[in-house]
Amino acid sequence: MYLANTGRPDAPPRPAGARRRVPATVVALGAVSLVTDVSSEMVTAVLPLYLVLGLGLSPLQFGFLDGMFNGATALVRLLGGRLADRGGHHKRVALAGYLLSALSRLGLLLAGGATAGIAASLAADRLGKGVRTAPRDALISLSGPPETLGRAFGVHRAMDTTGALLGPLAAFAVLWATADAYDAVFAVSFCTGLLGVLLLVLYVPSAAPAPPARSTPLHGGALRDPAFRRILYTASLLGAATIGDSFLYLLIQRGLDLPPALFPLLPLGAATGYLLLAVPAGRIADRVGRRLPFLAGHLALLGAYAALLFPVAWPTVVAVLALLGVFYAFTDGVLMALAGPVLHAHRRAGGLAVLQTGQALARLLGAAGFGAAWTFWGQGPALWTAALALAGALAAGWRILPAPAPARDAPEAP
Amino acid sequence: MNRRPSQLRRLALVVLSVLVLGGGSLGYVLHARHRGLPTATVDGSFSLAEPGLYYRDSATGQVARRSGTGGPPATGGPACERFYATGERALCLRKLPGIPARTQALVLDRRLREIKRVTVPGIPNRARVSASGNVLSWTAFATGDSYATTAFSTRTSILDLRTGYLIKSMEEIPLTIDGTRYHASDVNYWGVTFARDDNRFYATVSTKGRTHLVEGNLRDWSAKALRENVECPSLSPDDTRIAFKKKVSDDPAAPWRLYVLDLADMREHPLAETRSVDDQAAWLDDKTVGYALPGRDGRAADTWSTPADGTSEPRLLIPGGSSPAAVS
């Protein structure tokens with residue numbers, strides 16, 4: 001098995017440049033994420049059907065149940081980052097998150113039709129997801145030298161996205177084999193989730209390599225660092241100018257009068273683009289610095305908006321999906337690679353959590369704003385506004401984001 | 001330190017757990033598959049010939065009937081997610097297995113034999129048959145694509161058995177709102193109800209976040225909006241009133257209340273049912289409407305009835321029942 005053979009043969013000096021192997025920790029975390037995403041996307045794919053058809057919830061109630069936890073996730077993520085930093089328990093905190101999510105499937109299975117039980121299980125799942133994200137990304141960013149982080153995150157995100165693509169297929173297979181036994185989907189998802197937990201336990205080294213020698217704690221959070229603050233501001237600003245994928249897909253569907261059965265294929269197309277481009281994008285980011293690719297990724301998003309300002313045809317669809325793939329490949333992992341080295345190892349998980357939360361909240365705001373603009377002004381003006389806002393945010397980001405050569409790995413606190 | 005044994009042990013552990021977890025998954029799937037085999041026993045003699053209240057029994061998923069004279073209900077009807085019937089025809093909506101969801105609409109004759117079947121995308125939602133049994137309509141809603149959970153959309157079909165003409169989705173119908181022709185791509189129709197002439201119908205259209213009651217004309221193929229905030233209309237047997245659900249609260253747990261609208265003076269009044277009803281009500285006679293609510297004591301649904309004039313108290317009619325349809 002590939003995982004077992006990747007041990008760490010490169011203990012002493014490492015061959016320079018991008019030719020070097022991706023750290024075993026990153027591959028292991030990628031495998032964990034892949035398996036876990038299969039598990040969670042299986043459930044996500046069938047949950048609306050299960051709740052609406054199996055339990056007779058109205059779509060409105062479902063939307064409420066679903067949206068209720070998304071806000072809470074952001075706060076839990078901050079907590080996860082903080083806990084991981086305190087004493088360098090990245091693995092332990094991430095493990096708790098993965099385990100909680102896996103066990104939540106068991107909750108779904110045992111809840112039967114009880115809405116309260118289902119709500120509790122969904123909450124547990126989101127809690128787990130929120131807790132584990134930042135420590136996991138911190139582990140990735142601590143696993144290798146800063147100049148290879150782009151590729152490391154690229155590999156991880158590509159594996160993660162593969163899992164997200166396989167999950168619905170697995171769910172489909174189970175439903176097909178059992179004539180719509182939703183509980184079988186939950187059972188398989190539970191087993192898959194446990195496998196992810198086991199891979200984490202066995203193959204991810206526990207401690208971050210940071211020296212715990214210094215007993216003097218770092219004062220203040222990551223926000224004290226001006227370089228980090230600039231990254232946070234830029235990511236949030238650009239996030240607030242992001243309208244949300246669902247709206248883009250809706251615009252395509254409207255423009256093309258796409259049959260509903262084909263609608264799910266749109267995100268699939270974008271995810272495939274992301275999957276294919278994640279590693280190359282990471283390599284490019286390692287070579288030229290992460291600032292430019294991060295901004296260029298948003299430029300691709302701007303391109304997608306612009307393409308939709310014209311009448312939609314099939315080439316537009318291909319272009320928009322490809323541009324979305326580029327956008328994710330050049331912004332998601334790259335942002336972590338950009339921010340990671342700026343943060344001291346002791347406050348990296350917390351810092352990344354702040355960054356992810358800031359970006360997520362800004363995007364939520366952006367999507368809500370676009371939704372309102374669409375309702376009040378109509379589709380065309382709303383999209384123009386979004387494009388102008390993104391162009392403005394890009395110009396601002398160009399000014400705000402620190403030019404290359406930020407601090408190297410784990411700068412000493414002054 | 002010797003890493004090799006530990007590596008081997010780790011690998012062995014992974015292989016072992018893949019076998020155990022994979023075996024567990026497979027076992028569960030096989031068990032579910034076995035259990036999922038059809039348990040429904042359909043009684044060939046069950047038909048629409050007997051007058052009574054037909055409904056879907058949530059315990060079996062099959063249609064059952066309670067006669068007006070009392071006694072135990074007759075069971076053994078077809079298995080449906082949503083059902084409606086008048087004297088001559090019945091409409092049975094089934095969900096086909098798998099993702100994305102598809103709805104199969106089965107048109108059944110008086111003896112509940114299948115005379116037509118249509119498959120549309122989406123989850124079964126509403127079903128109606130005109131009093132004569134000549135025109136039928138059903139609504140399915142499309143949701144559950146994990147990738148697109150922001151909104152759900154409905155597709156309403158209308159089938160005219162006299163001509164065999166099927167409109168798979170009525171969203172293209174020319175629509176007039178406030179006297180002007182309305183063009184928008186976000187129109188969603190649901191909950192059609194037919195008048196006795198087999199031509200006039202009512203339905204709900206939603207656009208730009210609002211719902212309107214529309215009056216439609218099958219022959220001219222046109223529709224005009226009459227009034228706002230009316231969902232799932234249900235025309236009384238004498239064609240004079242419409243029972244509907246009105247959105248009365250922003251609380252997503254209890255948004256609706258049942259109302260009745262008098263078409264002569266366009267005045268509406270609430271019914272005595274204070275719980276939020278998410279159903280297309282069915283008239284049990286000219287004075288009473290029936291509707292399903294989430295069930296008590298672990299049942300999936302219960303059917304209740306309440307007087308159409310807004311007086312009195314709602315009454316638990318059929319524990320475990322949904323999709324009520326009065327056949328006389």
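The values are calculated or read from the model by the stated rules, or taken from the named source; none is laboratory data. Note that the structure is a prediction, hence the values are computed from the model and not measured. Virtual Cβ from ideal backbone geometry, glycine too; neighbours counted across all protein chains shown.
A few comments on the model shown:
- Residues of region A:79-129 that are among the β-branched types (V, I, T) and under 20 Å from A:L49 (Cβ atoms): A:T115, A:I118.
- Residue satisfying condition, being of a type in the set (S, T, Y) and buried (at least 20 other Cβ atoms within 10 Å of the Cβ), within set A:T242, A:T272: A:T242
Every residue, every condition in (1) surrounded by fewer than 19 Cβ atoms within 10 Å (Cβ to Cβ); (2) in contact with a Pro (Cβ under 8 Å, 6 or more places away or on another chain); (3) in contact (Cβ under 8 Å) with a residue 12 or more places away in the chain; (4) within 14 Å of chain A (Cβ to nearest Cβ), yes or no:
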| position | (1), (2), (3), (4) |
| --- | --- |
| B:D251 | yes, no, no, yes |
| B:L263 | yes, no, yes, no |
| B:H269 | yes, no, yes, no |
| B:W283 | no, yes, yes, no |
| B:G298 | yes, no, no, yes |
| B:T303 | no, yes, yes, yes |
| B:G310 | yes, yes, yes, no |
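- Condition check for A:L335: outside the structural domain of A:H156 (by TED's automatic domain parsing) and either more than 30 Å from B:P121 (Cβ to Cβ) or outside any helix (DSSP H, G or I) (or both): yes
- Residues of region B:228-248 classified as in contact (Cβ under 8 Å) with a residue 12 or more places away in the chain and either basic (K, R) or out of contact with any Asp or Glu (no Cβ under 8 Å at 6 or more places or on another chain) (or both), total: 14
- Qualifying residue in region A:404-414 (condition: at pLDDT below 80, aliphatic (A, V, I, L, M) and either within 26 Å of A:L277 (Cα to Cα) or assigned to a helix (DSSP H, G or I) (or both)): yes
- Exactly one residue out of B:V230, B:V187 is buried (at least 19 other Cβ atoms within 10 Å of the Cβ) and in contact with a helix residue (DSSP H, G or I) (Cβ under 6 Å, 6 or more places away or on another chain), and it is B:V187.
- Filter result (more than 7 Å from chain B (Cβ to nearest Cβ), of a type outside the set (S, T, N, Q) and either under 12 Å from A:L106 (Cα atoms) or crowded, with 24+ Cβ neighbours inside 10 Å (or both)) within region A:181-195: A:V185, A:F186, A:F190, A:G193
- Only listed residue being closer than 20 Å to A:F153 by Cα, facing another protein chain (nearest Cβ under 10 Å) and modelled with pLDDT under 65, chosen from A:G17, A:G63, A:G7: A:G7
- Residue match in region A:114-137 (condition: without any contact (Cβ under 8 Å) to a residue 12 or more places away in the chain, within 23 Å of the chain's Cα centre (by Cα) and surrounded by fewer than 22 Cβ atoms within 10 Å (Cβ to Cβ)): no
- Single match in A:F247, A:F228, A:F310 (criterion: aromatic (F, W, Y) and within 14 Å of chain B (Cβ to nearest Cβ)): A:F247
- Some residue of region A:76-86 being more than 14 Å from chain B (Cβ to nearest Cβ), at pLDDT below 90 and not in a helix (DSSP H, G or I): yes
- Flag if B:S236 is within 20 Å of B:A203 (Cβ to Cβ), crowded, with 16+ Cβ neighbours inside 10 Å and polar (S, T, N, Q): yes
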